[in-house]
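Heads up, the thing below is written out as structure tokens.
We did not get these values from a lab; they are worked out from the coordinates using the rules stated. Small disclaimer: the values here were computed from a predicted structure and weren't measured. As a convention, Cβ positions derive from the backbone with ideal geometry for all residues, glycine included, and neighbour counts pool all protein chains shown.
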Amino acid sequence: MASIQRIFRGSIAAARPLAQLGLPRATQRSKPLRPPTQTSGLSIRRNYATEGASPVQPVEAPDYLNPKELEIFNTLKESLHPTKLEVQDISGGCGSMYALDVVSEQFKGLPIVKQHRLVNKILGDEIKQWHGVQLKTKAP
């Protein structure tokens with residue numbers, strides 16, 4: 001222990017001030033980083049959702065989906081009424097692995113694990129035939 005203390009004391013004593021090393025000193029700023037808060041006459045307006053707001057449009061299947069992707073898309077669309085839904089075969093075309101991205105009101109208040117379980121339940125036996133799934137779920 002004594003040898004460690006000697007090493008540290010020696011290194012501290014041997015340290016040279018920054019000025020002797022030729023390093024520049026930190027200069028004091030002439031202006032503060034943020035100007036003081038002032039009222040400039042600008043008004044900031046926040047838009048909030050109201051009861052009269054237009055309803056969310058249902059998602060539509062893109063033209064490029066293959067028949068299997070379209071079947072999965074329609075199954076999830078009917079059950080979850082998502083605001084965003086993406087289905088992609090990421091297995092190279094053989095249909096053994098899919099990437100799903102779902103945003104739905106039905107996920108509100110549910111932890112991610114329960115959101116994923118809900119999707120698994122909806123897809124039922126279909127998902128059991130897959131090798132894997134990349135699942136992203138989220139409440140709006």
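Key figures
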read-out: For LYS136, residues with placed amide H under 5 Å, excluding near neighbours; value: LEU100, ASP101, VAL102
read-out: Lysines with Cα under 20 Å of LYS121, excluding same-chain neighbours fewer than 8 positions away; value: LYS68, LYS77, LYS84, LYS108, LYS136, LYS138
read-out: Given charges at beta-carbon only (K, R positive; D, E negative), |dipole| of segment 67-138 in Debye; value: 360
read-out: As computed over segment 50-140, the Cα convex hull volume per residue (Å³); value: 92
read-out: Derived scalar couplings ³J(HN,Hα) [segment 117-130; Karplus, 6.51 cos²θ - 1.76 cosθ + 1.60; whole Hz; x for Gly, Pro]; value: 4, 5, 5, 4, 5, 5, 7, x, 5, 4, 5, 5, 7, 7
read-out: Amide H within-cut-off set for SER96, under 5 Å, with H built and near neighbours excluded; value: SER91
read-out: Fully extended contour minus Cα-Cα distance, from TYR64 to GLU78, at 0.36 nm per residue; value: 3.1 nm
